[in-house]
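Peer 1: Attaching a single structure in structure tokens format; questions to follow.
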Amino acid sequence: MWFFYTLIPCLLIDGVAILPAPQNLSVQSTNMKHLLTWSPVMVPGEIIYYFVEYQGEYESLYMSHVWIPSSWCSPTKGPECDITDDITATVPYNLRVRATQGSETSAWSTLKPPFNRNSTILTPPGMDVTKDGFHLVIKLEDLGSQFEFLVAYWRREPGAKEHVKVVRSRGIPVHLETMEPGAAYCVKVQTFVKAIGRHSPFSQAECVKVQGETLPLALALFGFVGFMLILVVVPLSIWKMGRLLRHSCCPVVVLPDTLKITNSPQKLISCRREEVEACATAMLSSEEPFRTWI
């Protein structure tokens, strides 16, 4: 009987029955995505809701230890909560969870120790290395606005120099280098998060090779023949067009033999002058009798 009376304070708080508190709180954090999980409270035939609250350094020091409900999990049905949007600074965060069912409420369960986002596990992004003609192109997984990527690439040969390029564009193909025919190029990448000052390990190197793509002999010969034809045909066409234009504008007229001048033009002119003088003399001599009659 005494055991029953000692159990009553555990089941009643101000006359309200309480549920068992969630247990085994932990945070799984990878690439700045933070997921709070706990063991579910089991009540047969009932739906249990959970409320999640957090308290950062600012709330603890300057707001009298106030607790703020999580953006996405007040309430939530499942035994997990994405707290990524709630964790906005690189400071310790206290997290707590309680269960409710109707008028019944559990006690708060608090995460121990507090969570700090600088403990997140960073992994290299997924990458797709391709070649576009002779261009080495890489496309990286979009991990969010907080991420930068250090891309290392090199020509696969002894003593080759490794080049590093900082890539901030996410999900967009990025040109790295113009490749030489017949050479292989390798690429590896690591993640960097400035907010926590940490790098991920480098990914495994991926390599692509450009085949020795030279013009076939037939194509080269065809190009040479075409070039020689252009050198011959173009001047010939210009000359032919010139002749056509000259004959069109200034055609050559062939005179009949009767109109052709066989003697010297100067001689013809002198002969015609003599004929004109003789004719003038004859006309004057015929006018004299007419004057005498008058």
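Peer 1: Do we have V151 as farther than 20 Å from Q28 by Cα, under 32 Å from the mean Cα position of the chain (by Cα) and modelled with pLDDT of 95 or more here?
Peer 2: yes
Peer 1: Restricting to the stretch 77-99, name every residue that is within 14 Å of S39 (Cα to Cα) and either open to solvent by less than 40 Å² (accessible area, probe 1.4 Å) or at pLDDT 95 or above (or both).
Peer 2: G78, P79, E80, C81, R96, V97, R98, A99
Peer 1: Could you look through the stretch 138-158, keep only residues that are among the aromatic types (F, W, Y) and within 19 Å of M179 (Cα to Cα), and pick out the one that is most open to solvent (accessible area, probe 1.4 Å)?
Peer 2: Going through the qualifying residues, I end up with W154.
Peer 1: Among the residues of the stretch 17-39, which ones are touching a helix residue (DSSP H, G or I) at 6+ places or on another chain (Cβ under 9 Å), closer than 11 Å to I83 by Cβ and hydrophobic (A, V, I, L, M, F, W, C)?
Peer 2: The answer is V27, and nothing else.
Peer 1: Let me ask another. Considering only residues that are on the phi > 0 side of the Ramachandran plot and at pLDDT 95 or above, which ones fall in the stretch 13-41? Even if it seems obvious, please write down each step before you answer.
Peer 2: From the stretch 13-41, those on the phi > 0 side of the Ramachandran plot are 14-15, 24, 31-32; that's our starting set.
Scanning the stretch 13-41 gives N24, N31, M32.
Peer 1: Something else now. Across the stretch 164-182, what is the total count of residues that are surrounded by 15 or more Cβ atoms within 10 Å (Cβ to Cβ) and either without any contact (Cβ under 8 Å) to a residue 24 or more places away in the chain or part of a loop (DSSP other than H, G, I, E, B) (or both)?
Peer 2: Within the stretch 164-182, residues that are surrounded by 15 or more Cβ atoms within 10 Å (Cβ to Cβ) and either without any contact (Cβ under 8 Å) to a residue 24 or more places away in the chain or part of a loop (DSSP other than H, G, I, E, B) (or both) number 3.
Peer 1: In addition: For the stretch 140-163, enumerate the residues that are polar (S, T, N, Q) and touching a residue at least 40 places away in the same chain (Cβ under 8 Å). Show your work before the answer.
Peer 2: Here is the first cut: in the stretch 140-163, the ones polar (S, T, N, Q) are 145-146.
Selection gives Q146 alone.
Peer 1: Something else: Out of the stretch 23-66, which residues are in a loop (DSSP other than H, G, I, E, B), surrounded by fewer than 17 Cβ atoms within 10 Å (Cβ to Cβ) and either within 42 Å of the chain's Cα centre (by Cα) or in contact (Cβ under 8 Å) with a residue 40 or more places away in the chain (or both)? Outline the logic, then answer.
Peer 2: Residues of the stretch 23-66 in a loop (DSSP other than H, G, I, E, B): 31-32, 40-48, 56, 63-66.
Narrowing further to those that are surrounded by fewer than 17 Cβ atoms within 10 Å (Cβ to Cβ): 40, 42-47, 63-66.
Within the stretch 23-66, V43, E46, I47 qualify.
Peer 1: Kindly list the number of the only condition in (1) assigned to a loop (DSSP other than H, G, I, E, B); (2) in contact with a Lys or Arg (Cβ under 8 Å, 6 or more places away or on another chain); (3) open to solvent by 60 Å² or more (accessible area, probe 1.4 Å) that fails for A107.
Peer 2: (3)
Peer 1: Looking at (1) surrounded by fewer than 11 Cβ atoms within 10 Å (Cβ to Cβ); (2) modelled with pLDDT of 90 or more; (3) not in a loop (DSSP other than H, G, I, E, B), find the lone condition where K161 falls short.
Peer 2: (3)
Peer 1: What number of residues within the stretch 113-137 satisfy the criterion of being assigned to a strand (DSSP E or B) and either modelled with pLDDT of 95 or more or loosely packed, with under 14 Cβ neighbours inside 10 Å (or both)?
Peer 2: Number of matching residues: 5.
The values are calculated or read from the model by the stated rules, or taken from the named source; none is laboratory data. Here the structure is a predicted model, which means the values were calculated and not measured. Counting neighbours? That spans all protein chains shown, and the Cβs are built from the backbone with ideal geometry, glycine included. Accessible surface areas use protein heavy atoms only, side chains included; no ligands, DNA or RNA. Shrake-Rupley method; radii C 1.70, N 1.55, O 1.52, S 1.80 Å.
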